[in-house]
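The values are calculated or read from the model by the stated rules, or taken from the named source; none is laboratory data. Computed from a predicted model, the values in this text were never measured in an experiment. Cβ: placed from backbone, ideal geometry, glycine included. Neighbour counts: every protein chain shown.
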Amino acid sequence: MAIDVLFRPFSCKGLNLPNRVVMAPMTRSFSPNGIVTADVALYYRRRAEGGVGLIISEGTGVDRPASLNDPNVPRFHGAQELAGWRRVVDEVHDAGGLMAPQLWHVGAVRTREKDWQPPGAYDSPSGLSRPDKNLGVPMSDEDIADAIRAFADAGLAAKRSNFDAIELHGAHGYLIDQFFWEGTNCREDAYGGINLAERARFAAEIVRAVRKSVGPEFPILLRISQWKQQDFAVKLAGTPRELEAWLTPLREAGVDILHCSQRRFWEAEFEGSDLNFAGWAKKVTGLPTISVGSVGLTGEFIAAYGGESSRPASLDELVRRLDREEFDLVAVGRALLQDPQWLLKVRDGRADELMAFDRSAFATLS
Ligand SMILES: Cc1cc2nc3c(=O)[nH]c(=O)nc-3n(C[C@H](O)[C@H](O)[C@H](O)COP(=O)(O)O)c2cc1C
């Protein structure tokens with residue numbers, strides 16, 4: 001299979017990518033007190049030097065007291081924090097790369113730290129961290145308005161800090177996704193509802209507010225997932241029609257690119273077709289999409305947390321799908337975490353130099 005398809009350029013608004021490979025957002029927890037360090041900047045620079053088309057940062061917290069549940073995850077508000085990010089984006093640009101921050105609010109996903117708590121109450125649509133598990137109180141109208149404001153401010157800060165795009169984290173059971181999911185959104189006001197289109201209102205208002213703050217030409221990516229960290233089996237949309245009802249208001253609000261998170265990119269989303277999640281999202285919205293999940297590796301990422309190693313895997317199936325334009329871009333997580341040179345090795349056919357993924361890579365910023 002011709003690997004060249006990975007190296008076709010891609011454009012969206014002012015974002016001109018030299019190839020189809022995106023670095024997937026990966027939380028690294030190497031930013032003490034929420035401020036990225038020089039080492040973090042160099043970590044991203046190495047991926048830019050490795051030829052990655054677009055780097056999406058680790059999730060970074062918007063300006064709400066409990067937007068993050070880990071003190072070593074970087075924030076995206078405050079003078080020192082934003083100055084740190086400016087150094088990151090300067091390093092990436094200096095190496096010829098392009099970058100988007102992933103703007104994040106964890107919602108009611110509890111901290112794993114024993115001796116630390118977020119400086120404020122957890123935000124969530126209905127006080128639930130998962131169906132039937134209470135972690136707090138539902139957000140008030142004022143809380144919701146302030147959360148929307150926080151995303152809009154972060155979008156503007158990204159543009160002013162010279163980033164090339166932004167990604168909103170609407171996936172994996174965090175705040176925006178907690179609104180999408182009927183299991184955690186039991187609200188009876190305008191932010192709840194019996195169908196996905198209604199429960200998409202919070203996300204759509206965020207997108208609209210961000211669009212207003214960044215202007216019409218700045219690319220907005222939205223990451224979504226059917227699965228939740230709270231329950232891998234959840235499917236928000238059970239049919240293509242439901243998928244369309246979910247995503248149409250988000251496109252209309254101003255999303256430019258949908259980043260469709262799967263754990264294994266080759267899995268079909270609905271019966272009767274081999275299209276994956278990104279394939280269907282592209283088909284029902286007409287928007288460009290990013291696919292992701294175990295690209296270039298034999299095992300998936302949740303198992304990697306549990307200690308499972310992965311060996312390098314063939315890219316033939318990915319290339320086949322890219323070539324038929326099922327989706328437009330492909331995000332690569334662990335293969336790039338393990339090896340900043342991964343894409344150059346793929347390009348040059350240096351298959352014997354591709355590395356296995358080992359959990360020890362989580363412990364360093366190499
Ligand atoms: C260490 C690590 C941290 C992650 N952090 C985030 C994150 O902050 N935001 C996010 O949307 N996904 C996060 N993910 C998921 C990845 O973006 C990606 O979807 C997943 O790793 C699958 O890609 P892969 O199989 O190529 O690793 C993380 C994954 C890993 C391995």
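Would you confirm whether or not segment 173-188 contains a residue that is among the polar types (S, T, N, Q) and surrounded by fewer than 18 Cβ atoms within 10 Å (Cβ to Cβ)?
No, because not a single residue in segment 173-188 is among the polar types (S, T, N, Q) and surrounded by fewer than 18 Cβ atoms within 10 Å (Cβ to Cβ).
Looking at (1) among the aromatic types (Phe, Trp, Tyr); (2) closer than 23 Å to LEU329 by Cβ; (3) part of a loop (DSSP other than H, G, I, E, B), which is the one condition that is false for TYR191?
Unmet condition: (2).
Taking only segment 146-190 into account, find how many residues are hydroxyl-bearing (Ser, Thr, Tyr), more than 18 Å from the chain's Cα centre (by Cα) and under 29 Å from CYS12 (Cβ atoms).
Of the residues in that region, 1 qualify.
Quick check on segment 64-96: of everything there that is within 18 Å of the chain's Cα centre (by Cα) and outside any helix (DSSP H, G or I), which residue is nearest to PRO138 (Cα to Cα)?
SER67
Collect the residues in segment 35-60 that are surrounded by 21 or more Cβ atoms within 10 Å (Cβ to Cβ), out of contact with any Pro (no Cβ under 8 Å at 6 or more places or on another chain) and either among the polar types (S, T, N, Q) or assigned to a loop (DSSP other than H, G, I, E, B) (or both), keeping them in residue-number order.
The one that is surrounded by 21 or more Cβ atoms within 10 Å (Cβ to Cβ), out of contact with any Pro (no Cβ under 8 Å at 6 or more places or on another chain) and either among the polar types (S, T, N, Q) or assigned to a loop (DSSP other than H, G, I, E, B) (or both): VAL52.
Quick check on this structure: which one of SER124, SER67 is touching a residue at least 60 places away in the same chain (Cβ under 8 Å), within 16 Å of the ligand (Cβ to nearest atom) and of a type in the set (Ser, Thr, Tyr)?
Answer to the check: SER67.
Could you tell me whether segment 273-287 includes any residue that is free of Cβ contacts under 8 Å to residues at least 60 places away in the same chain, within 16 Å of the ligand (Cβ to nearest atom) and of a type in the set (Gly, Ala, Ser)?
Yes.
Starting from segment 291-319, take each residue that is under 20 Å from LEU6 (Cβ atoms) and list its partners that are more than 12 Å from the ligand (Cβ to nearest atom) and among the basic types (Lys, Arg), counting only C-beta distances under 9 angstrom and pairs at least six apart or across chains.
Final answer for the pair search is SER291/ARG321; LEU297/ARG311; THR298/ARG311.
Pairs needed: first member in segment 346-366, more than 12 Å from the ligand (Cβ to nearest atom); second member anywhere, acidic (Asp, Glu); C-beta distance under 6 Å; at least 6 residues apart or different chains.
Matching pairs, first to second residue: MET355/ASP339.
Looking at ASP132, is it of a type outside the set (A, V, I, L, M), at pLDDT below 95 and surrounded by fewer than 17 Cβ atoms within 10 Å (Cβ to Cβ)?
Against the criterion (of a type outside the set (A, V, I, L, M), at pLDDT below 95 and surrounded by fewer than 17 Cβ atoms within 10 Å (Cβ to Cβ)), ASP132 qualifies.
Is it the case, given these coordinates, that ASP256 is farther than 22 Å from GLY59 by Cβ, of a type in the set (Asp, Glu), surrounded by fewer than 21 Cβ atoms within 10 Å (Cβ to Cβ) and out of contact with any helix residue (DSSP H, G or I) (no Cβ under 9 Å at 6 or more places or on another chain)?
No, not satisfied.
Results for (1) out of contact with any Phe, Trp or Tyr (no Cβ under 7 Å at 6 or more places or on another chain); (2) touching a residue at least 12 places away in the same chain (Cβ under 8 Å), shown as yes or no for each residue.
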position: ALA154; (1), (2): no, yes
position: GLU182; (1), (2): yes, yes
position: ALA190; (1), (2): yes, no
position: LEU196; (1), (2): no, yes
position: VAL207; (1), (2): yes, yes
position: LYS228; (1), (2): no, yes
position: LYS235; (1), (2): yes, no
position: GLU244; (1), (2): yes, yes
